[in-house]
There are 2 protein chains.
Amino acid sequence: MTPGLRPADFKISERSTALTALQEELEGIPCTTEPQQLSKLSIDWHTFSPVLSEKLAGKRADIVYFPTSEAEVIRIIQACVRHRIPLTPRGAGTGNYGQAVPLEGGVVLDITRMQSILWTKGGIMRVQPGVKLMAMEKEARKTGWEVRMAPSTFRTATVGGFVSGGFGGIGSITYGVLRERGNILGLQVVTMEAEPQILELRGEAVHQVSHAWGVNGIITEMEMPLGMAYPWAECIVVFDDFMQSARFCQRLGESDGIVKRMISLHAWPIPSYFVALKPYLPEGSHAALLLIAENSLEPLADLVKEWGGQITYTKPAAVCVGGTTSSTGKGITLMEYGYNHTTLHARTADPSLTYIDCLFPADPDLKAMEYLYRTLAEEMMIHIEYLRLNGKVTALGGQLVRYTSEARLREIMQIHRDQGVHVHDCHDFTLDSLQKKDASNRNQQLELKKRTDPLGLLNPGKLKAWMEWQAQQTGSPSM
Amino acid sequence: MTPGLRPADFKISERSTALTALQEELEGIPCTTEPQQLSKLSIDWHTFSPVLSEKLAGKRADIVYFPTSEAEVIRIIQACVRHRIPLTPRGAGTGNYGQAVPLEGGVVLDITRMQSILWTKGGIMRVQPGVKLMAMEKEARKTGWEVRMAPSTFRTATVGGFVSGGFGGIGSITYGVLRERGNILGLQVVTMEAEPQILELRGEAVHQVSHAWGVNGIITEMEMPLGMAYPWAECIVVFDDFMQSARFCQRLGESDGIVKRMISLHAWPIPSYFVALKPYLPEGSHAALLLIAENSLEPLADLVKEWGGQITYTKPAAVCVGGTTSSTGKGITLMEYGYNHTTLHARTADPSLTYIDCLFPADPDLKAMEYLYRTLAEEMMIHIEYLRLNGKVTALGGQLVRYTSEARLREIMQIHRDQGVHVHDCHDFTLDSLQKKDASNRNQQLELKKRTDPLGLLNPGKLKAWMEWQAQQTGSPSM
């Protein structure tokens, strides 16, 4: 050790030397070290959470690479392994758990230039992970298919990022969530080793890597099943009574004779945040935003009437077919008002808002929902996406919460749990907290990581189970 | 009254005079009075039931008309009303409740020549009621659509007959049953009056006439929603253990990532009756017959493996697309082994078999099914069609029963009820018995009949509620 240097300095200096060497070895692969770019490409939409914003503040990559091929990914991996530099993969950064934040700096692997659609046949599309959902949809529609599900961020979100960090999306009301058998057919993954292996995971094995935030392998190819493309109309339905609107949405979800792609419900005042939709959202009304097959519009109108709602807006399907209208940048699509976009629009109007993620229990009387709606009216607004989960129409809550403190936020989460609502902790940056319910899946992720990332360089700090296991191995106390 | 003639003779003679007058007035509309034809066109597949066979024996039309247009239907109605002659509408006669049997003779209105497809647009097809389901499928596939659901008799069955007497069919595992909102968009109905009205029923009002066996109006046009056409592969999966096969089918039904059109389950020895499928049905094994979207075959294979089944037969989708293969008469389609065809094939091998119709309760442990499977093993074979009902995957039983007596058959039905199974009484020829559960629907049918068939000439004897109401009106004792 050079005299006068403290150990911490030495580590920095070591990293710096290593990075210099890595950069030389990776000559020719596009990259950036421009500070503003580094900052931008080291964050995601975890900024929705004041808790995560604070905890993840200042975490920044040292360098961001933009590979375009698997070969380049392999070169980057080899260099990182050689120099013991952490590597955090990243899609478009529209996730909101901090999954793309490089906790220990190092390399961020931006996959957005891996945009090839490798092939499409028989309703299956094989792609590189950086393909945007909207590009997949456009390509699929050329042969009469469409993507089964997509996040509200489909315009920018990559399919790799969606599969690595998403749960479900627009389309899940028909096809269930990503985790559902058959919604991801295959994932090709490169391991984080001196001699990287290329694994083709298929069947249930894909879930060792899906929603694993890149902690146990870098996805380089993906095989996704498609759905037959419907002409989707978009509708806004408004209700005076919130519980009535929730019962309507549940019934609509369970009406299999009405084909649909999205049922997104927003308690007032959430609709007030949807500025561009203002003419269709009467003051004080709760709004359901729907994507409905054109040939189901008449039965939808009947159902709305029966439940005492009012259709204030209908955009015919013709405009939507052939990729979303919005692909040209023109027009509004309701797809950009549900899921994460709800929080985005709300926070644009009021940055003091945050959100919680939860699954309501199956209950025809919606007791938990009603209790929470009444009890937390002052500080919470209910936002629900309806989707199919294990064959049942389920309400996925994305409640907006007026943030006061982390303690109160956690109290609100606990109030949900006390009502039998399953809460995903979206204010913690570990996979473990988010997926508490699914310990077997976390174990699978851990087991794979032992094989694919023995040095623990992939997206470090995100899988607590790994850190605990490592502590056991070295005999040091677990964190 | 002519001396020497008894009242009964007089009635016959009156009917005969009336019929002669009717025939003269309907000159030009194709008809038959040829005895063999009359017999053939006065029955349906109620012969599956020894009870109904006995009760309905000898009931025969006096004349059968084959109108080709609504105008001809109206002429026939007017003549029947003028001469007080009963009129019983009939599709292809593949129903099995005796709904097409003219209990009081008179005119049978055979709609099979009303075969025009009026228009197809935006995933909706408007047709005359005599269009065969297979013809609709072929036409729909020209523009990338398919029929949402069809009976196993799709080759001959008319859409009018299906809607008038069917519950659900192949496709109901995705779209729910006919009764589900949105699966019938409109029905045009001609009333049984001296001046027939033409009613266009839409929305929930269609169910006043759907599954009403023509007791309250003659359907002359129908507007049916379509589904996007999938390339369907066909598979046979076999299991050693029946309960395991039933759990597999339920799971498959609830796997929304696997797109499917049919899940038809047959306890051994039912598979032994499927002669043409013999090579794929090992002795003693229980068989699930499946229609699965081609891009779901891989996840299906995984699921089968996980549940310990074995795929013995796969027919790729390419063969099935563009209308069913079988449209050319070549090849086998599994669609002709489920639903009513199961009973048909079984009875071909063993005419002593009959069946019962039931809905199993939602129960993840399948207790009722297991109890019945074990308890009635000697005299009953379980056959299940899985379909969506009110948004939930439900097991529709079409059990085959070794018939000994009506009393024992009714005991078996009661044993089902005791287990919480809902039994449709398919051994009674009244709508009321079959639809016991849905009294509100029966009332709607009755209310419509009061307006549309004041003389009670339409398919007489099938709606008990009507007969009771009539008895009340005239003060005579109800039947």
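The values are calculated or read from the model by the stated rules, or taken from the named source; none is laboratory data. It should be emphasised that the depicted structure is a prediction, and the values quoted were computed from it without experimental measurement. Positions of Cβ are backbone-derived with ideal geometry, glycine not excepted, and every protein chain shown enters the neighbour counts. We work out accessible area using only protein heavy atoms, side chains counted, and drop any ligands, DNA or RNA first. Shrake-Rupley method; radii C 1.70, N 1.55, O 1.52, S 1.80 Å.
Regarding A:T47, is this residue surrounded by fewer than 21 Cβ atoms within 10 Å (Cβ to Cβ), within 22 Å of the chain's Cα centre (by Cα), of a type in the set (V, I, T) and more than 23 Å from A:M136 (Cβ to Cβ)?
yes
Just name the residue that is most open to solvent (accessible area, probe 1.4 Å) out of those in region B:391-407 that are among the hydroxyl-bearing types (S, T, Y) and more than 23 Å from the chain's Cα centre (by Cα).
Filtering first and then ranking leaves B:T404.
If A:R410 satisfies all but one of (1) under 27 Å from A:V238 (Cα atoms); (2) within 23 Å of the chain's Cα centre (by Cα); (3) open to solvent by 60 Å² or more (accessible area, probe 1.4 Å), what's the number of the condition it fails?
Condition not satisfied by A:R410: (1).
Could you please find all residues in region A:315-342 being in contact with a strand residue (DSSP E or B) (Cβ under 6 Å, 6 or more places away or on another chain), within 14 Å of chain B (Cβ to nearest Cβ) and modelled with pLDDT of 50 or more?
Of everything in region A:315-342, those that are in contact with a strand residue (DSSP E or B) (Cβ under 6 Å, 6 or more places away or on another chain), within 14 Å of chain B (Cβ to nearest Cβ) and modelled with pLDDT of 50 or more turn out to be A:P316, A:A317.
What is the number of the single condition among (1) under 30 Å from B:P316 (Cα atoms); (2) open to solvent by less than 10 Å² (accessible area, probe 1.4 Å) that A:W119 does not meet?
Among (1) under 30 Å from B:P316 (Cα atoms); (2) open to solvent by less than 10 Å² (accessible area, probe 1.4 Å), the lone unmet condition for A:W119 is (2).
Determine which single condition B:C249 fails, assuming it passes every other condition in (1) more than 14 Å from chain A (Cβ to nearest Cβ); (2) in contact (Cβ under 8 Å) with a residue 40 or more places away in the chain; (3) over 20 Å from A:L185 (Cα atoms).
Of everything listed in (1) more than 14 Å from chain A (Cβ to nearest Cβ); (2) in contact (Cβ under 8 Å) with a residue 40 or more places away in the chain; (3) over 20 Å from A:L185 (Cα atoms), B:C249 misses just condition (1).
Scan region B:374-390 for residues that are surrounded by 19 or more Cβ atoms within 10 Å (Cβ to Cβ) and in contact (Cβ under 8 Å) with a residue 40 or more places away in the chain and jot them down.
Across region B:374-390, the qualifying residues are B:M381, B:I382, B:H383, B:I384, B:E385, B:Y386, B:L387, B:R388, B:L389.
Conditions (1) touching a residue at least 40 places away in the same chain (Cβ under 8 Å); (2) touching a Cys at 6+ places or on another chain (Cβ under 9 Å); (3) within 14 Å of chain A (Cβ to nearest Cβ); (4) outside any helix (DSSP H, G or I), marked per residue:
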residue: B:E193; (1), (2), (3), (4): yes, no, no, yes
residue: B:A212; (1), (2), (3), (4): yes, no, no, yes
residue: B:E221; (1), (2), (3), (4): yes, no, no, yes
residue: B:Y230; (1), (2), (3), (4): yes, no, yes, yes
residue: B:I236; (1), (2), (3), (4): yes, no, no, yes
residue: B:I263; (1), (2), (3), (4): yes, yes, yes, yes
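Go through region B:122-136 and count every residue that is open to solvent by 10 Å² or more (accessible area, probe 1.4 Å) and away from every other protein chain (no Cβ under 13 Å).
Number satisfying all stated conditions: 4.
Wholly within region A:110-175, which strands (runs of 3 or more DSSP E) include no fewer than the required count, namely at least 1 residues that are aromatic (F, W, Y)?
Per the criteria, A:117-121, A:145-147.
Restrict the check to region A:66-83 and report whether at least one residue is part of a loop (DSSP other than H, G, I, E, B), within 26 Å of A:S210 (Cβ to Cβ) and touching a Leu at 6+ places or on another chain (Cβ under 6 Å).
no
If I filter region A:265-299 down to residues being surrounded by fewer than 24 Cβ atoms within 10 Å (Cβ to Cβ) and over 30 Å from A:R347 (Cβ atoms), which single residue comes out as farthest from the other protein chains (Cβ to nearest Cβ)?
By that ranking, first place goes to A:L297.
Looking at B:L187, B:L199 in this structure, which one is open to solvent by 20 Å² or more (accessible area, probe 1.4 Å), of a type in the set (A, V, I, L, M) and away from chain A (no Cβ under 12 Å)?
B:L199
Any residue that is over 20 Å from A:G182 (Cα atoms) and either modelled with pLDDT of 95 or more or not assigned by TED's automatic domain parsing to the domain that holds B:P151 (or both) - is there at least one of those in region B:229-239?
Yes, some residue in region B:229-239 is over 20 Å from A:G182 (Cα atoms) and either modelled with pLDDT of 95 or more or not assigned by TED's automatic domain parsing to the domain that holds B:P151 (or both).
Give all pairs with beta carbons closer than 7 Å in which a residue from region B:8-19 that is under 13 Å from B:C80 (Cα atoms) and open to solvent by less than 60 Å² (accessible area, probe 1.4 Å) meets a residue that is modelled with pLDDT of 85 or more and not small (G, A, S); count only pairs at least 6 apart in sequence or on separate chains.
Note: pairs meeting the criteria are B:A18/B:H83; B:A18/B:R84; B:A18/B:I85; B:L19/B:D62; B:L19/B:I63; B:L19/B:I85.
State yes or no: is A:P460 more than 22 Å from the chain's Cα centre (by Cα) and modelled with pLDDT of 95 or more?
No; evaluated as a whole, the condition is false for this residue.
Going through B:G456, B:G461 one at a time, which residue ends up being without any contact (Cβ under 8 Å) to a residue 24 or more places away in the chain, outside any helix (DSSP H, G or I) and not assigned by TED's automatic domain parsing to the domain that holds B:R251?
When all the criteria are applied, what remains is B:G456.
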